[in-house]
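Read through the structure below, which is laid out as structure tokens, and then see the notes.
The values are calculated or read from the model by the stated rules, or taken from the named source; none is laboratory data. This structure is a prediction, so every number in the text was calculated from the model and none was measured. With ideal geometry, Cβ positions are generated from the backbone for all residues, glycine too; neighbour counts draw on all protein chains shown. Ligands, DNA and RNA are stripped out before the accessible areas are found, and what is left, the full protein with its side chains, is counted by its heavy atoms. Shrake-Rupley method; radii C 1.70, N 1.55, O 1.52, S 1.80 Å.
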Amino acid sequence: MHRSETAGNAADLPARPPGALHDEDVQRIEDGVGPLFHRLYSARVRDPRLTPEDLISCLGEDANRATPTALARFLKVRGMEGRLAVGDELVVRMPGPWDGPVRVTSVTPTSFRFTTLSGHLEAGQIEFRATQEDQMLRFEIESWARSGDRLSNLLYHHLRMAKEVQLHMWTSFLERVAKLAGGRLTGGVEIISRKVDEPLALS
């Protein structure tokens, strides 16, 4: 695992999801508390049997195929089973009072993006994507998020408890993606974090 954290800037703010400004269910960056964390988790998979499109299709059918279900489980509450479409809604079930409702706000053949809804531990967005890199498959999880409320900010930013659980969850997800793709994780997992202390001042 290779980790780095640096100061962020305006370039780390995500684009606003379509229609989010007038949607009371969406938990936007400005609805959160504390600093914004822009994170990129990435891994390379050698000798994959799946193409980037096949892998994203597989995860779109059921994200739990790569999710460490002892830590979290995706449950679809709106939309057709077996596929992801813009407007679908899911709940990420986690131990304790951490259930996280999200909405699908973008889907392409090689990626999908969730936006947090009211009641989520965080306020922001997360994207999952796969690309071909030479003879290897590259998988990335990119997130832009602030804590959803003051308690979440305390647990995440000050006590660091939720931060470490989250780190372990997405690292495990990437390891499982490599197995799902039928290949081998190469070079470990890289986590790049950028922290924006005053995100609203830059928006």
Residues being surrounded by 19 or more Cβ atoms within 10 Å (Cβ to Cβ) and more than 14 Å from the chain's Cα centre (by Cα) - total across the stretch 64-87: 1
From the options Glu24, Glu61, residue that is in contact with a Gly (Cβ under 6 Å, 6 or more places away or on another chain) and either open to solvent by 20 Å² or more (accessible area, probe 1.4 Å) or farther than 30 Å from Lys195 by Cβ (or both): Glu61
Total residues in the stretch 53-84, condition closer than 20 Å to Pro101 by Cβ, among the polar types (S, T, N, Q) and assigned to a helix (DSSP H, G or I): 1
Test: residue in the stretch 181-195 that is in contact with a helix residue (DSSP H, G or I) (Cβ under 6 Å, 6 or more places away or on another chain) and either among the β-branched types (Val, Ile, Thr) or at pLDDT below 90 (or both): yes
Answer residue from the stretch 88-100, given it is of a type outside the set (A, V, I, L, M, F, W, C) and at pLDDT 95 or above and is surrounded by the most Cβ atoms within 10 Å (Cβ to Cβ) among those: Asp88
